[in-house]
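Let me begin by presenting the structure, written as structure tokens, before commenting on it.
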Amino acid sequence: MQKFIINGGRRLRGELALQGSKNSSLPIMAAALLCRGECTLHSCPRLTDVYAASRILNCVGCRCSFSDNTAVINAETVDRTQVSEELMREMRSSIIFMGAMLGRAGECVVSVPGGCELGPRPIDMHLAALRKMSVEIRESGGSIICRAVCGRAKGAKISLAFPSVGATENIILCAATAEGETVINNAAREPEICDLCGFLRACGADIKGDGESRIIIRGKQQLHGCEYTIMPDRIVGATYLSMVAAAKGELILTNACVQEMEPFLSVLEQTGCSVYTSENRIYLRSGTRLRAVKERIRTMPHPGFPTDAQAVLMAALSLADGTSIFEENIFDCRYRHTDALVKMGADIEVLGKVAVVKGVSSLCGANVAATDLRGGAAMVIAGLCAEGTSVITRICHIDRGYENMEEAVRLLGGDMRRV
Ligand code: EPZ
């Protein structure tokens with residue numbers, strides 16, 4: 001099992017180009033199943049979750065190859081619609097292959113992806129929406145057997161009780177080639193939804209309204225291949241900005257999606273570090289101790305503060321001057337990283353969905369285990385700011401969403417190595 005060894009206390013300084021978005025790449029790779037022809041994806045991040053998605057594509061007969069940050073997917077030869085439980089369980093978001101396979105073949109057999117480190121991950125909204133699209137769904141022994149009653153899903157009006165990202169994606173993937181029109185009310189507005197729809201429009205899909213709460217999709221018989229560049233990863237951007245803000249120093253983020261990162265940047269600026277933005281660059285300078293954020297930091301669906309940035313900003317604010325309060329409104333169990341931060345000397349009290357972070361003047365290195373993707377990144381940030389050495393195990397969580405984190409940190413002058 002690999003681990004990170006970090007010697008903290010160094011200021012960081014440098015320039016980083018943002019990797020492509022994990023949470024765009026995964027639904028876009030699933031969407032390639034809908035296309036009769038080759039799809040070339042640029043800026044595809046080299047992540048274990050992306051490789052897990054490619055194994056699912058291979059499992060149903062898709063050809064998928066990578067060269068640096070370019071993926072080429074050819075779905076001409078798709079001849080199976082069943083994904084093994086083992087592959088489905090490799091990552092929670094594999095459930096979006098359900099919508100894609102229904103859109104391609106009108107049927108599929110997948111398995112419940114199960115909970116994850118963030119708590120139970122129900123898919124009731126996914127299933128209810130697909131049933132409205134005339135898809136028969138039977139659950140048996142952990143398998144989900146889906147079949148479009150007339151061989152092809154039918155467009156429907158769907159109102160989501162909560163703007164679920166995954167449910168919105170599954171509906172779009174199924175509706176893109178369904179018969180007739182689908183309207184999604186209370187759709188997720190995350191930038192990754194817009195990226196998925198941008199890819200599908202490049203393949204000939206008829207989709208309007210993405211980025212707003214109502215999305216209208218008019219189904220097409222079939223879609224063609226395309227060449228597409230995946231958007232930058234706004235959460236990886238938030239991670240490195242939080243890292244340099246906490247460790248002190250300067251960062252230039254290039255290939256940044258400034259507008260999409262606004263909900264995070266507007267909170268980061270309240271910590272007192274200097275943030276300047278231009279077209280696709282973000283400049284951060286952090287010289288003095290951060291200030292606590294006075295207003296409660298509430299995680300909300302986009303365009304609210306992103307839940308995926310909660311842990312990494314908390315790590316930075318654990319050293320701030322004053323008390324910050326977080327409220328996690330998206331997931332039931334997204335404070336598992338706080339134990340490790342407390343072990344490193346942070347003063348954090350969790351009361352249900354609220355976490356009270358009293359800034360301390362210093363942290364001390366410790367041996368900790370990554371609990372989940374963003375919680376692990378938070379531990380790296382704390383380790384880089386701590387006095388002494390930290391060892392972080394279970395870094396497979398971090399590799400799910402961050403390309404070569406140790407390389408990026410080293411580029412910024414940090415002392416971090418993978419062993
Ligand atoms: C996506 O997860 C992201 N993952 C998550 O990023 C992100 O935190 C989340 O959206 C919220 O923005 C990918 O895009 C691969 P949801 P998803 O459906 O689709 C509940 C990361 O760190 N819910 O919007 O699973 C659910 O339990 C990951 O990159 C139901 O109850 O999120 C959760 O509490 C972590 N029933 C809430 O809604 C359903 O049918 C939001 O879930 C579906 C969801």
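The set of residues in segment 291-317 that are open to solvent by 50 Å² or more (accessible area, probe 1.4 Å) and either of a type in the set (Phe, Trp, Tyr) or within 21 Å of residue 119 (Cβ to Cβ) (or both) comprises 298, 300. Within segment 82-96, restricting attention to residues that are within 16 Å of the ligand (Cβ to nearest atom) and part of a helix (DSSP H, G or I), which residue is surrounded by the most Cβ atoms within 10 Å (Cβ to Cβ)? By that ranking, first place goes to 96. The set of residues from segment 359-379 being within 16 Å of the ligand (Cβ to nearest atom) and part of a loop (DSSP other than H, G, I, E, B) comprises 370, 371, 372. Contact map, segment 159-176: first residue among the acidic types (Asp, Glu), second residue open to solvent by less than 10 Å² (accessible area, probe 1.4 Å) and within 9 Å of the ligand (Cβ to nearest atom), Cβ cut-off under 6 Å, separation 6 or more or different chains; pairs are 169/27; 169/96.
Got at least one residue in segment 183-191 being under 22 Å from the mean Cα position of the chain (by Cα), assigned to a strand (DSSP E or B) and surrounded by fewer than 17 Cβ atoms within 10 Å (Cβ to Cβ)? No, segment 183-191 contains no residue that is under 22 Å from the mean Cα position of the chain (by Cα), assigned to a strand (DSSP E or B) and surrounded by fewer than 17 Cβ atoms within 10 Å (Cβ to Cβ). If you go through segment 235-265 and keep only what is over 24 Å from residue 294 (Cβ atoms), in contact (Cβ under 8 Å) with a residue 40 or more places away in the chain, more than 16 Å from the ligand (Cβ to nearest atom) and out of contact with any helix residue (DSSP H, G or I) (no Cβ under 6 Å at 6 or more places or on another chain), you end up with 249, 250, 252, 254, 255.
Taking the condition of being crowded, with 21+ Cβ neighbours inside 10 Å and free of Cβ contacts under 8 Å to residues at least 60 places away in the same chain, how many residues in segment 318-327 meet it? Adding up the residues that qualify gives 3. If we keep just the residues of segment 155-182 that are in contact with a strand residue (DSSP E or B) (Cβ under 8 Å, 6 or more places away or on another chain) and in a loop (DSSP other than H, G, I, E, B), which is nearest to the ligand (Cβ to nearest atom)? Here the answer is 160.
Every residue, every condition in (1) open to solvent by less than 10 Å² (accessible area, probe 1.4 Å); (2) touching a residue at least 40 places away in the same chain (Cβ under 8 Å); (3) under 21 Å from the mean Cα position of the chain (by Cα), yes or no:
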| position | (1), (2), (3) |
| --- | --- |
| 369 | no, no, yes |
| 377 | yes, yes, yes |
| 381 | yes, yes, yes |
| 384 | yes, yes, no |
| 387 | no, yes, no |
| 391 | no, yes, no |
| 400 | no, yes, yes |
| 403 | no, yes, yes |
| 412 | yes, yes, no |
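Residues that are out of contact with any strand residue (DSSP E or B) (no Cβ under 7 Å at 6 or more places or on another chain) and closer than 19 Å to residue 234 by Cα were ranked within segment 314-333; the one that is nearest to the ligand (Cβ to nearest atom) is 315. The numbered conditions (1) more than 12 Å from the ligand (Cβ to nearest atom); (2) outside any helix (DSSP H, G or I) are all true for residue 401 except (1). The residues of segment 332-358 that are assigned to a loop (DSSP other than H, G, I, E, B), surrounded by fewer than 20 Cβ atoms within 10 Å (Cβ to Cβ) and in contact (Cβ under 8 Å) with a residue 12 or more places away in the chain, listed by number, are 332, 333, 336, 345, 353. Condition (residue is assigned by TED's automatic domain parsing to the domain that holds residue 176, open to solvent by 20 Å² or more (accessible area, probe 1.4 Å), part of a loop (DSSP other than H, G, I, E, B) and among the hydrophobic types (A, V, I, L, M, F, W, C)) applied to segment 73-81: is it met by at least one residue? Yes: one or more hits. Condition test on residue 152, is it part of a helix (DSSP H, G or I) and open to solvent by 20 Å² or more (accessible area, probe 1.4 Å)? Here the answer is no, as residue 152 does not meet what is asked. Please go through segment 105-149 and pick out each residue that is touching a residue at least 24 places away in the same chain (Cβ under 8 Å), more than 16 Å from the ligand (Cβ to nearest atom), open to solvent by 10 Å² or more (accessible area, probe 1.4 Å) and in a loop (DSSP other than H, G, I, E, B). Within segment 105-149, just 142 meets the criteria. Taken across segment 266-283, residues that are within 16 Å of the ligand (Cβ to nearest atom) and farther than 23 Å from residue 359 by Cα do not occur at all. Does at least one position in segment 1-18 carry a residue that is closer than 24 Å to residue 205 by Cβ, within 16 Å of the ligand (Cβ to nearest atom) and touching a Cys at 6+ places or on another chain (Cβ under 9 Å)? Within segment 1-18, not a single residue is closer than 24 Å to residue 205 by Cβ, within 16 Å of the ligand (Cβ to nearest atom) and touching a Cys at 6+ places or on another chain (Cβ under 9 Å). When 179, 250, 260 are checked against the criterion of being assigned by TED's automatic domain parsing to the domain that holds residue 388, open to solvent by 10 Å² or more (accessible area, probe 1.4 Å) and over 22 Å from the mean Cα position of the chain (by Cα), a single residue qualifies: 250.
The values are calculated or read from the model by the stated rules, or taken from the named source; none is laboratory data. Here the structure is a predicted model, which means the values were calculated and not measured. Glycine also receives a Cβ, built like all others from the backbone with ideal geometry; neighbour counts cover every protein chain displayed. Accessible surface areas use protein heavy atoms only, side chains included; no ligands, DNA or RNA. Shrake-Rupley method; radii C 1.70, N 1.55, O 1.52, S 1.80 Å.
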